[in-house]
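One structure is given here, and the rest of the page talks about it.
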Amino acid sequence: MQGIRSILKIVAVVGVGMSSYGASFKVGFSQRDITPTESVPMWGYAQENRPDFMSDGILDPLHAKAIVIGVSDTKLALVGLDLGRAPTQAVTKRVQRAVRERAGVDHILLVASHTHHGPVLELTDLEGEGKGKYDAALRYVNALEGHLVDAIVEAASSARDARVGWGKADCLLNRNRHSSIAPVPVDTDLVVIRFEDLDGKPIATLVNYAAHPTVHPPQNRRFTAEFPGVMMREVERVTGAPCVFLQGAAGDLQCEMNDDLWGKEDFIEPIGKALARHVVDVTETIHTEIPLRPSIVGKTSAFEVSTRIDLSDPNIRAGFGAAYFPEIVAAFANNAFDEAGRLRPQMSTVLLNDKIFFVGVSGEFFCNHAIRLKARARVPVTVFAGYCNEHHFYFPTIEAAAEGGYGADPASAWVEVGTGERMMDQALEDLYEFQGKSGG
């Protein structure tokens, strides 16, 4: 393990917000089908698990589901995506710019469920990065960008006066797949937030839970929203409310299942329906109310960190190219790193109504990051959203990096050791700043 170096640097911050008694609190919802209509490369598994990586049909549709919350002129978009990763930074920036211009949306969290049966998003319209060989994938990403903008704009335009309530439960459907050192951390928090209009008609249900959607056999090449898709459909059937899933800090968490049957049986139905039952149980305990003092305040920060891997090394690049395919490695290497070879992970922090703290991070954070932040935040609800607004692979804790293994070693965890901890410290500083307690 490389030595820990305190070189994490915030290189960009954007933030706006407001809070006032008597301000309007509005919520809208919209969704779009984002299932590829052509065969494209699939995301999520190396060739040892999926030798043929081109898609071969659809098991169930993929969706982008947007909740837009407005307080007077300030708006927050929470977008759940049935994708393996969030869109690239270039796409995310264009979406942000478009919805700000067309709908006045200030804060955006594009959160992937992390299904390993979604389409590749990294390829670009350049030779060696996808052009000419995977043009269908490029067409898909162009269409996806439009779908995301349209869903957010429509959700914003449909927003109406609303009430909000939340509930939490200890949900034992996941387990730590990385550590063998007791006590083994597991974030079992299930957070459910319900939005409804002033007449009690449901607008949307937001679900936050952490577990890898890798329970569909990897060799199958049909698109699926995996167990989160089953959960959302079941919750919608029972409650009549659209359901949106935001994946948590699932870097080291998998679903509780029989490992001997992994890849041999499909577990998305039983796990998805089991999670849905927990969500419905929590929903029935939720009391919604009109916020007395509605507010949205937040910021998006970009960080500059060194890396534990050198993708400019032709041998390393060839190794990744053999494990996946050369074009995706070239596209990532040429677009995710800056000229100095550093990564720029993203973090969005938003405090809603002084009670619900959203933290969106651009990678697969190990669960202890979320567990510790929740304990330190001391707000009624913390929604930790991984796989948000880009993807920078795994963010192990310092002790997980010391233990080693998949998700913690340099081959899969590219950011310098300690990056996740320092980002969580910044999230806490953001929260205290939003609360007027920063002490600065």
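The values are calculated or read from the model by the stated rules, or taken from the named source; none is laboratory data. Everything numeric in this text was worked out from a predicted model, so none of it was measured. Backbone-built Cβ (ideal geometry, glycine too); neighbour counts: all protein chains shown.
Structure above, values below:
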item	result
Strands (runs of 3 or more DSSP E) lying entirely in the range 79-188 (those with 2 or more residues that are closer than 21 Å to ILE67 by Cβ)	107-112, 160-170
Of the criteria (1) surrounded by 22 or more Cβ atoms within 10 Å (Cβ to Cβ); (2) modelled with pLDDT under 95, which one MET347 fails	(2)
Unmet requirement for LEU121, which otherwise passes all of (1) farther than 30 Å from LYS299 by Cβ; (2) within 24 Å of the chain's Cα centre (by Cα)	(1)
Scan of the range 307-333 for residues that are touching a residue at least 24 places away in the same chain (Cβ under 8 Å) and either among the aromatic types (Phe, Trp, Tyr) or in contact with a strand residue (DSSP E or B) (Cβ under 8 Å, 6 or more places away or on another chain) (or both), ordered by number	THR307, ARG308, LEU311, TYR324, PHE325, GLU327, ILE328, ALA331, PHE332
Matching residues in the range 245-277 - criterion: being buried (at least 17 other Cβ atoms within 10 Å of the Cβ) and without any contact (Cβ under 8 Å) to a residue 40 or more places away in the chain	none
Those residues of the range 380-406 which are surrounded by fewer than 23 Cβ atoms within 10 Å (Cβ to Cβ) and in contact with an Asp or Glu (Cβ under 8 Å, 6 or more places away or on another chain), in sequence order	PHE393, ILE398
The lone exception for GLY321 - which of (1) in contact with a Leu (Cβ under 8 Å, 6 or more places away or on another chain); (2) under 25 Å from GLY130 (Cβ atoms); (3) outside any loop (DSSP other than H, G, I, E, B) it fails	(1)
Answer from VAL297, VAL280 - the residue that is surrounded by 14 or more Cβ atoms within 10 Å (Cβ to Cβ), part of a strand (DSSP E or B) and modelled with pLDDT of 95 or more	VAL297
Of residues in the range 5-62 being part of a loop (DSSP other than H, G, I, E, B) and under 21 Å from ALA156 (Cα atoms), the one modelled with the highest pLDDT	ILE34
Considering residues of the range 168-184 that are buried (at least 16 other Cβ atoms within 10 Å of the Cβ) and in contact with a His (Cβ under 9 Å, 6 or more places away or on another chain) only, the residue nearest to ASN353 (Cα to Cα)	ALA169
VAL381 being at negative phi and at pLDDT below 95	no
Strands (runs of 3 or more DSSP E) contained entirely in the range 326-440, each with at least 3 residues that are β-branched (Val, Ile, Thr) and under 18 Å from the mean Cα position of the chain (by Cα)	356-361, 381-385
